[in-house]
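*Asks:* Supplied in structure tokens, the structure appears directly below.
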Amino acid sequence: MRILGIETTCDETAAAVVGIGFDGRGEILSNEVLSQIAEHAAYGGVVPEIAARAHVEVIDRLIARALKKAGCTIKDIDGIAAAAGPGLIGGVLVGLTTAKAMALVTRKPLMAVNHLEAHALTARLTDGVGFPYLLLLASGGHTQLVAVRGVGDYVRIGTTIDDAIGEAFDKVAKLLGLPYPGGPHVEKEAAKGNPERFNLPRPMQGRAEPNFSLSGLKTAVRLEAERIAPLTQSDVADLCASFQAAVVDVVVDRTRVALRAFRDIAGHPTALVVAGGVSANQAVRSGLQRLAVETGLRMIAPPLHLCGDNGAMIAWAGLERLRLGLIDDISAPARARWPLDTSRDEAGAKA
Ligand code: KG4
Ligand code: ZN
């Protein structure tokens with residue numbers, strides 16, 4: 001079985017072909033990603049209209065390239081998956097409409113995939129992890145602790161009451177004059193800095209509910225930066241290191257609490273999984289790895305090229321859905337908001 005996956009929910013245009021190998025494991029046959037970072041950099045964030053236009057310009061070529069690199073033509077594909085949300089609606093429409101057109105013409109099944117579900121299931125593609133597992137999904141638009149019980153069966157245990165973790169990294173980067181997107185730059189600076197120089201708060205630490213709050217931490221960084229301005233390079237590095245250390249402490253504490261709640265909802269987890277753009281952060285990974293060892297669990301983080309948005313995760317989620325007969329028809333809507341756990345009223349913003 002081979003699935004074509006298309007991702008256009010934010011500032012990456014991506015197309016990939018994923019299949020099943022001889023051992024029954026997922027196999028990435030091609031994974032093409034074109035980042036629009038350069039187009040948005042001058043604005044310090046993603047501009048939706050620019051993003052949608054940029055997707056239109058490259059999507060056809062990118063799909064052709066993904067098929068070619070996978071050594072196949074559209075005839076060899078068993079289904080077409082596209083991220084149908086949550087995300088910037090103009091971009092989502094580009095990918096989803098392309099997938100619908102291809103599915104119509106070729107009479108192949110269409111899978112309208114939830115972008116968050118694709119992040120959530122990536123650990124099954126890379127590591128074949130079984131259900132149920134605890135997922136920390138941390139990206140630019142989302143921060144959630146989720147019990148993943150099966151394909152389409154997600155229970156949200158915790159979330160952020162204000163900023164997403166990636167968003168906090170991006171905002172801290174911006175206030176310190178670092179480029180967009182800020183996460184990787186903050187991590188790079190943090191590696192040179194002293195994490196103990198600034199005594200920053202650990203919001204929500206110790207609370208019984210595994211939720212996050214990050215906007216106060218970001219404000220604390222801003223106040224420290226203003227207090228010692230003008231900033232030298234080593235001030236910036238120390239601020240980044242202190243901020244990142246606070247984030248890691250909070251992430252580990254919140255995830256530990258979520259693990260306790262998990263057992264009531266889903267029993268014993270097979271693994272602790274982290275996904276989304278922030279899962280590229282080595283300090284976050286190491287903190288979760290320590291927690292996994294402490295709790296006797298396996299910790300799974302995607303390889304770096306699968307942490308951020310990509311087509312392989314959409315193709316894999318499509319493959320998982322097709323195997324279960326979960327296909328969509330041409331009326332599948334593009335959604336700006338689409339929560340993973342539909343029993344919750346929280347609107348599923350972009351992750
Ligand atoms: O999942 P993703 O690629 O896009 C969506 O938001 O859907 O996540 C992007 C987010 C950005 O906020 C970015 O700053 C953050 O992930 N990020 C990082 C790192 N790499 C990306 N945050 C911290 N450390 C990193 N190394
Ligand atoms: Zn994402």
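The values are calculated or read from the model by the stated rules, or taken from the named source; none is laboratory data. These numbers come from a predicted model, not from an experiment. Here the Cβ positions follow ideal geometry from the backbone for every residue, glycine too, while neighbour counts run over all protein chains shown. What goes into the accessible areas is simple: the full protein's heavy atoms, side chains included, and nothing from ligands, DNA or RNA. Shrake-Rupley method; radii C 1.70, N 1.55, O 1.52, S 1.80 Å.
*Asks:* Go through the range 280-318 residue by residue and tally those that are within 12 Å of ligand 2 (Cβ to nearest atom) and open to solvent by 40 Å² or more (accessible area, probe 1.4 Å).
*Replies:* 0
*Asks:* Same structure, new question: Would you confirm whether or not the range 102-113 contains a residue that is under 14 Å from E12 (Cβ atoms), out of contact with any Ser or Thr (no Cβ under 6 Å at 6 or more places or on another chain) and either among the β-branched types (V, I, T) or in contact (Cβ under 8 Å) with a residue 60 or more places away in the chain (or both)?
*Replies:* Within the range 102-113 (the criterion being under 14 Å from E12 (Cβ atoms), out of contact with any Ser or Thr (no Cβ under 6 Å at 6 or more places or on another chain) and either among the β-branched types (V, I, T) or in contact (Cβ under 8 Å) with a residue 60 or more places away in the chain (or both)), the answer is no, since none of the residues qualifies.
*Asks:* Just to be sure before I move on: is A51 touching a strand residue (DSSP E or B) at 6+ places or on another chain (Cβ under 6 Å), under 15 Å from D309 (Cβ atoms) and crowded, with 19+ Cβ neighbours inside 10 Å in the structure I sent?
*Replies:* No, not satisfied.
*Asks:* When residues of the range 127-141 are filtered for being within 16 Å of ligand 2 (Cβ to nearest atom) and open to solvent by 10 Å² or more (accessible area, probe 1.4 Å), how many remain?
*Replies:* Residues that pass the stated criteria total 2.
*Asks:* Quick one: R337 ticks every box in (1) within 16 Å of ligand 2 (Cβ to nearest atom); (2) in contact with a strand residue (DSSP E or B) (Cβ under 8 Å, 6 or more places away or on another chain); (3) assigned by TED's automatic domain parsing to the domain that holds S215 except a single one, so which number is it?
*Replies:* Among (1) within 16 Å of ligand 2 (Cβ to nearest atom); (2) in contact with a strand residue (DSSP E or B) (Cβ under 8 Å, 6 or more places away or on another chain); (3) assigned by TED's automatic domain parsing to the domain that holds S215, R337 violates only (3).
*Asks:* With respect to the numbered conditions (1) touching a strand residue (DSSP E or B) at 6+ places or on another chain (Cβ under 6 Å); (2) within 16 Å of ligand 1 (Cβ to nearest atom), which one is the sole condition not fulfilled by S30?
*Replies:* All conditions are met except number (2).
*Asks:* Quick check on the range 142-160. Is at least one of its residues away from ligand 2 (no atom under 16 Å from the Cβ), hydrophobic (A, V, I, L, M, F, W, C) and open to solvent by 40 Å² or more (accessible area, probe 1.4 Å)?
*Replies:* No; the residues of the range 142-160 include none that is away from ligand 2 (no atom under 16 Å from the Cβ), hydrophobic (A, V, I, L, M, F, W, C) and open to solvent by 40 Å² or more (accessible area, probe 1.4 Å).
*Asks:* Another question, then. With respect to A275, is the statement that it is aliphatic (A, V, I, L, M) and crowded, with 24+ Cβ neighbours inside 10 Å true?
*Replies:* When the stated conditions are applied, A275 passes them.
*Asks:* I've got another one for you. When you check H119 against the structure, is it open to solvent by less than 10 Å² (accessible area, probe 1.4 Å) and modelled with pLDDT under 95, yes or no?
*Replies:* no
*Asks:* Would you please list the contacts, defined by Cβ atoms under 8 Å and residues six or more apart or on different chains, that run from a residue in the range 8-25 that is open to solvent by 10 Å² or more (accessible area, probe 1.4 Å) to a residue that is part of a strand (DSSP E or B) and within 14 Å of ligand 2 (Cβ to nearest atom)?
*Replies:* D11/S35; E12/V33; E12/S35
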